[in-house]
Amino acid sequence: MGSIPQGKETTQPHQFIGYWGYAQRRELEARLSLVKTPHTKYHKFSHVDSRVEDNSYPIWNVACIGFQQESIPPIHFQTDHTERIAAISASGILTDSHVIGSFLPDAWVNLQGSDGQSPAGGDAPKGSRPKGERLILGREPFGRVPLYWTQQGEVIWFASQLQLLLKIVEKPEVSIPGLYGYSCFSYVPNPLTPTTNVFAVPAGTELVWQSQPNSKTLSAPIYKRLWEWSEASEQLKDETTAVKQLQILLQQVIERQISDLKDEPVGVFLSGGLDSSVVAALLVQAGVKVIGYTLDFGDAGIPESPYAEIVAQHLKIPLVKVDASPRQIQKAIIPTVQALDLPFGDGVSVPLFLLAQRASQETKVIFNGEGGDQLFAGWVNKPLIAAGVYQTENPSGQETFIQQYLRTFHRLWGYEAQIYQPHIYEQIQNLHPEEWIAEALDPAYCKAILHRLRRAALMLKGAQNIHPRATALGFAHGLFVRSPLCDLPLAEWTFQVSGELCLQGACEKYILKRAVENWLPPEIVWRQKRGMGVPLTSWCLNEFWRQIGKWLNPGRLRVENRFSPHLAAQIAASQLGATLQDRRIGEILWLLIMWELWRVHVFGEKPGKQSFDHPFWLPQQLWRFQKKWQA
């Protein structure tokens, strides 16, 4: 990983939107100007007034939004055949990609000339517009920064934020496949988005369009995989060797991540779990000034802050407790939805927004422990390994291994007939969520079940949910986001390690625990994984009870005409199914709440009038008594 070259540093995170193709420039510039507001910094990069206009080549332009005018983002990169015209890095530093031999941002837009020639041409005048015959949109494999595109005629529009493209698309419509995917996973699976005819570039992939100068048309995009998470043919089984190698790799990761830092403090989101504690310990060992930030849910849920306090005391760093009470959550929920850009249904999103909000008062760079579960086989793998063994012994079982994996998301797959309006249910009959995850679980890349599950976790929950969500929440507060465990050399090393060293008996992340057991207190290293205890069900059935009657109001759901109007009441009463009980009640209600707020506050649909044919206007205790009496 390399620092941004001198003079190319960004002062704060930014976004971009641009176009490439064949059309009237005046019309395209008029559309591009729609993204400009009085509250955004705005800069164009192509020379739109250039006197050199060759109509056989596509025209292009890029607008960067959200940075200081005097500080140009670090986009410029040029080789003999490629010129980068837009890029973003979540961390503010570039990744050393030994795979393709260059330093890369997290998302990029390149122009490429024909026959390996520079897009600007060898004899092009200084400052002339690059005549890129190919457009390339690419992302690194961890999925830290999203990248979207849509085609209008013979023009490709691209942006790092969906909300920017929504200003370009005329009369955008909700994508039913995108909505269905969201209800299955709590995120919209790539390459879908929640908007029809707008697509996401999958992580670890480049999309390439070729222009046809004679006909002034564009070819269909070619998908090119840049990285594949695959099991190494030689597996490391010696524990002592693995521990030493992992310790060195972790220390090298931190060295790369702090190479550009000066004397200012950095923040660490400290849950008290193993992964974030390891990151904090490594930063302290490297001599970095660290401030820890942890969530305080009060008396609700599973308290994690006491473990964060143990870590902070051990490392001798200050710890800031961030109030994540229902009152603060309700105040932050709409700003969180707007910051996320896409709908994300996990309950941790708003608490993480509050963490970033508080950290931004004292630092510009935050570190987290995201990626540890995917790299070192977190707790969710145990039931799936059992399922994989069962399928091997019982190939004619009722559910396939892929379907078993789908169930680990614990969302609404399998409940389609109960939750959707009939016309939506009819539209999804030919959609199969298994197809959206089949590539990630392909045994051709990983024969061992544990490696296959880790590959899937990296490509699905990691790249399509955890990492883009973390970046969006950090960017909303002007923070660069660094995830040291999302490191290519480290990740590739884990696929060389025997599964027995990751999951040993009932002990998950075994090799990581062995490598760091002298860096942290034993009650942190060896405690059982429980996950972040966001008390969603408690909130929804108590403090947010009346608010649910507004967020998931039957009248509004009727106007939307996608979900069953009384879905919220059914879920609260545990009437959907035996598996949607207890903690799942809050998770499913939250999934729907985040969608409803997204469609109004990001997508721009009208909420509709509220009705009173629901139980949420009653005191929750009275409603419970009524249900018992009816039973």
Exercise. In the stretch 385-429, which residue that is among the hydrophobic types (A, V, I, L, M, F, W, C), part of a helix (DSSP H, G or I) and more than 23 Å from the chain's Cα centre (by Cα) is modelled with the lowest pLDDT?
Worked result: 389
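Out of the residues in the stretch 608-631 that are open to solvent by 80 Å² or more (accessible area, probe 1.4 Å) and part of a loop (DSSP other than H, G, I, E, B), state the one that is modelled with the lowest pLDDT.
631
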Seminar exercise, completed: Scanning the stretch 262-308 residue by residue, the ones that are in contact (Cβ under 8 Å) with a residue 40 or more places away in the chain and among the acidic types (Asp, Glu) total 3
For this session: State whether the residues of the stretch 263-272 include one that is assigned to a loop (DSSP other than H, G, I, E, B), touching a strand residue (DSSP E or B) at 6+ places or on another chain (Cβ under 8 Å) and on the phi > 0 side of the Ramachandran plot.
Result: yes
Exercise. Are any residues in the stretch 314-327 more than 25 Å from the chain's Cα centre (by Cα) and either acidic (Asp, Glu) or assigned to a loop (DSSP other than H, G, I, E, B) (or both), and if so, which ones?
Worked result: 316, 317, 318
Problem set entry | Subset of the stretch 507-522 [charged (D, E, K, R), crowded, with 19+ Cβ neighbours inside 10 Å and in a loop (DSSP other than H, G, I, E, B)] | 508, 509
Exercise. Does residue 149 count as open to solvent by 10 Å² or more (accessible area, probe 1.4 Å), over 27 Å from residue 429 (Cβ atoms) and more than 16 Å from the chain's Cα centre (by Cα)?
Worked result: yes
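A quick yes/no check of all residues on (1) within 26 Å of the chain's Cα centre (by Cα); (2) of a type in the set (D, E, K, R):
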site	(1), (2)
467	yes, no
472	yes, no
479	yes, no
485	yes, no
492	yes, yes
495	yes, no
499	no, no
508	yes, yes
517	no, yes
Exercise. In this structure, does residue 273 turn out to be open to solvent by 10 Å² or more (accessible area, probe 1.4 Å), within 26 Å of residue 362 (Cα to Cα) and either at pLDDT 95 or above or of a type outside the set (Lys, Arg) (or both)?
Worked result: yes
Exercise. Residues of the stretch 336-352 being buried (at least 17 other Cβ atoms within 10 Å of the Cβ) and in a helix (DSSP H, G or I), which ones?
Worked result: 336, 337, 339, 340, 349, 350, 351, 352
Exercise. How many residues, within the stretch 224-254, are surrounded by fewer than 12 Cβ atoms within 10 Å (Cβ to Cβ) and among the aromatic types (Phe, Trp, Tyr)?
Worked result: 0
For this session: Kindly indicate the residue of the stretch 574-607 that is of a type in the set (Gly, Ala, Ser) and open to solvent by less than 30 Å² (accessible area, probe 1.4 Å) and also nearest to residue 541 (Cα to Cα) among those meeting that condition.
Result: 586
Seminar exercise, completed: Going through the stretch 185-215 in order, the residues found to be modelled with pLDDT of 95 or more, closer than 28 Å to residue 56 by Cα, open to solvent by 20 Å² or more (accessible area, probe 1.4 Å) and assigned to a loop (DSSP other than H, G, I, E, B) are 197
Exercise. Can you name every residue in the stretch 165-184 that is under 27 Å from residue 479 (Cα atoms) and open to solvent by 10 Å² or more (accessible area, probe 1.4 Å)?
Worked result: 166, 167
Exercise. Is it the case that the stretch 537-558 has a residue that's part of a loop (DSSP other than H, G, I, E, B) and closer than 18 Å to residue 240 by Cα?
Worked result: no
Exercise. Condition test on residue 533, is it closer than 30 Å to residue 618 by Cβ and modelled with pLDDT under 90?
Worked result: yes
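Does residue 441 count as touching a residue at least 12 places away in the same chain (Cβ under 8 Å), under 24 Å from residue 584 (Cα atoms), crowded, with 16+ Cβ neighbours inside 10 Å and of a type outside the set (D, E, K, R)?
No.
Residue-by-condition table, conditions (1) open to solvent by 40 Å² or more (accessible area, probe 1.4 Å); (2) in contact with an Asp or Glu (Cβ under 7 Å, 6 or more places away or on another chain); (3) modelled with pLDDT under 90:
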site	(1), (2), (3)
65	no, no, yes
81	yes, no, yes
108	no, no, no
145	no, yes, no
Exercise. Does residue 467 fit the bill of being out of contact with any His (no Cβ under 9 Å at 6 or more places or on another chain), open to solvent by 20 Å² or more (accessible area, probe 1.4 Å) and closer than 27 Å to residue 14 by Cα?
Worked result: no
For this session: Inspect all residues belonging to the stretch 583-603 and state whether any of them is under 28 Å from residue 338 (Cβ atoms) and in a loop (DSSP other than H, G, I, E, B).
Result: yes
For this session: Say whether the condition of being buried (at least 19 other Cβ atoms within 10 Å of the Cβ) and touching a residue at least 24 places away in the same chain (Cβ under 8 Å) is met by at least one residue in the stretch 528-535.
Result: yes
Exercise. Do the conditions hold for residue 259, that is, is it in contact (Cβ under 8 Å) with a residue 40 or more places away in the chain and part of a loop (DSSP other than H, G, I, E, B)?
Worked result: yes
Problem set entry | residue 311, sole failed condition from (1) crowded, with 24+ Cβ neighbours inside 10 Å; (2) in a loop (DSSP other than H, G, I, E, B) | (2)
Problem set entry | the stretch 279-297 - residue that is part of a loop (DSSP other than H, G, I, E, B) and within 16 Å of residue 265 (Cβ to Cβ) and, of those, least open to solvent (accessible area, probe 1.4 Å) | 288
For this session: Quick one: residue 495 ticks every box in (1) open to solvent by less than 10 Å² (accessible area, probe 1.4 Å); (2) over 18 Å from residue 142 (Cβ atoms); (3) among the aromatic types (Phe, Trp, Tyr) except a single one, so which number is it?
Result: (2)
Problem set entry | Filter result for the condition that a residue is modelled with pLDDT under 90, within 18 Å of residue 206 (Cβ to Cβ) and crowded, with 23+ Cβ neighbours inside 10 Å, over 73, 141, 58, 119 | 119
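The values are calculated or read from the model by the stated rules, or taken from the named source; none is laboratory data. No experiment lies behind these values; they were computed from the predicted model shown. Methodologically, a virtual Cβ is constructed for each residue, glycine included, from the backbone with ideal geometry; neighbour enumeration extends over all protein chains shown. These area figures cover heavy atoms from the full protein model, side chains too; ligands, DNA and RNA do not enter into them. Shrake-Rupley method; radii C 1.70, N 1.55, O 1.52, S 1.80 Å.
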